[in-house]
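Note sheet for the following structure.
The values are calculated or read from the model by the stated rules, or taken from the named source; none is laboratory data. Quick caveat, the model's predicted, so the values are computed rather than measured. FYI the Cβ positions are ideal-geometry reconstructions off the backbone, even for glycines, and counts take in every protein chain you see. Areas reflect the complete protein model, heavy atoms only, side chains present, ligands, DNA and RNA absent. Shrake-Rupley method; radii C 1.70, N 1.55, O 1.52, S 1.80 Å.
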Amino acid sequence: GTDADKANLENELQYYYDSFVSKGIPLVMGEMGSTNKNNTHDRAELAKYYIKYAKERHIPCIWWDNGAHGEGAENFGLFDRYNLNWYFPEVHNALVNSYNSTSFK
């Protein structure tokens, strides 16, 4: 995303931290993700950035995997539930590796 996109994300996550987490109220980001528009690299980059800032603010995230993996709107799927493999391993790896390599403040 653009610098403005990144700033919006950071501001949004900071708002959630200030409103809930900093006051001892647990928060889980239960739906986050990006749709497949033949943009796997961009989706992986977003996943890295999102997880980095969320983890720094102690906000666990759950990728919204609706099982749809085609191209276009509402195609958030990453995992093939029938064959037990990843449609987009780059995005999966970005999520896991970003979480594992980011330290809490």
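Per-structure values
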quantity: Out of 54, 68, sole residue that is among the small types (Gly, Ala, Ser) and within 25 Å of residue 19 (Cβ to Cβ); calculated: 54
quantity: Residues that are of a type outside the set (D, E, K, R) and either on the phi > 0 side of the Ramachandran plot or touching a strand residue (DSSP E or B) at 6+ places or on another chain (Cβ under 6 Å) (or both), drawn from region 64-77; calculated: 64, 67, 72
quantity: Failed item in (1) open to solvent by 40 Å² or more (accessible area, probe 1.4 Å); (2) touching a Phe, Trp or Tyr at 6+ places or on another chain (Cβ under 9 Å); (3) among the aromatic types (Phe, Trp, Tyr); (4) under 22 Å from residue 5 (Cβ atoms), with residue 79 passing the rest; calculated: (4)
quantity: Total residues in region 1-37, condition over 17 Å from residue 60 (Cβ atoms) and among the polar types (S, T, N, Q); calculated: 6
quantity: Scope region 17-33; condition touching a residue at least 40 places away in the same chain (Cβ under 8 Å) and open to solvent by less than 60 Å² (accessible area, probe 1.4 Å); matching residues; calculated: 33
quantity: Residue among 48, 37 that is open to solvent by 70 Å² or more (accessible area, probe 1.4 Å) and within 15 Å of residue 96 (Cα to Cα); calculated: 48
quantity: Any hit, region 96-104, residues being at pLDDT 95 or above, more than 15 Å from the chain's Cα centre (by Cα), farther than 23 Å from residue 2 by Cα and among the aromatic types (Phe, Trp, Tyr); calculated: no
quantity: Lone qualifier among 48, 37, 23 - being of a type in the set (D, E, K, R), farther than 28 Å from residue 67 by Cα and out of contact with any Leu (no Cβ under 7 Å at 6 or more places or on another chain); calculated: 23
quantity: Residues being open to solvent by 40 Å² or more (accessible area, probe 1.4 Å) and not acidic (Asp, Glu) - total across region 64-76; calculated: 4
quantity: Subset of region 51-63 [open to solvent by less than 70 Å² (accessible area, probe 1.4 Å) and either in contact with a strand residue (DSSP E or B) (Cβ under 9 Å, 6 or more places away or on another chain) or among the β-branched types (Val, Ile, Thr) (or both)]; calculated: 51, 54, 55, 59, 60, 61, 63
